[in-house]
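Data first, discussion second: the structure below is written as structure tokens.
The values are calculated or read from the model by the stated rules, or taken from the named source; none is laboratory data. Model, not experiment: these values are computed from the prediction. Positions of Cβ are generated from backbone atoms using ideal geometry, with glycine treated the same way; all protein chains shown enter the neighbour counts.
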Amino acid sequence: MIKQTDAKQRKSTERPAAAKSGETIPAQLQPATLTALDEWAALHLVSRAEAVQRLVQLGLSVASSGRPAKAVRTARAVELAANQIGQLIDPDAPSEERDRRIHRLTEGPPEFVEARVDLPKRKR
């Protein structure tokens, strides 16, 4: 008689199913990094896998880099340029003319600003 096997029954050579708590992601680390990871794990009395999980969580929970946002850096650069240009422009020129000159030098002539492809389109 032929013995039927249950499809859900696992073969004895298969590895037991792991708990579905997360996804396994293989990674290759340099020897120096692996040594530092093992030292950190030993210091905190956790396994290597737990150390990787904790360090990733720490890295993701920390605020982004100390660099200000690009818009802030751009505004600061424009401000510094305007100050320098303001020192070079004729002090006897009317304030509207001074502002127009500063704007034209920091933003560029309108015909070139619209032609630049590396800048987002300006809202009107």
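See the values below:
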quantity	calculated
Single condition residue 71 does not satisfy, out of (1) loosely packed, with under 10 Cβ neighbours inside 10 Å; (2) at pLDDT below 90; (3) part of a loop (DSSP other than H, G, I, E, B); (4) of a type outside the set (Val, Ile, Thr)	(3)
Residue check, residue 10 at pLDDT below 65, part of a loop (DSSP other than H, G, I, E, B), loosely packed, with under 10 Cβ neighbours inside 10 Å and among the charged types (D, E, K, R)	no
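For (1) under 25 Å from residue 120 (Cβ atoms); (2) free of Cβ contacts under 8 Å to residues at least 12 places away in the same chain; (3) in a helix (DSSP H, G or I); (4) under 31 Å from the mean Cα position of the chain (by Cα), each residue gets a yes or a no:
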| position | (1), (2), (3), (4) |
| --- | --- |
| 76 | yes, yes, yes, yes |
| 82 | yes, no, yes, yes |
| 86 | no, no, yes, no |
| 96 | no, yes, yes, no |
| 99 | yes, yes, yes, no |
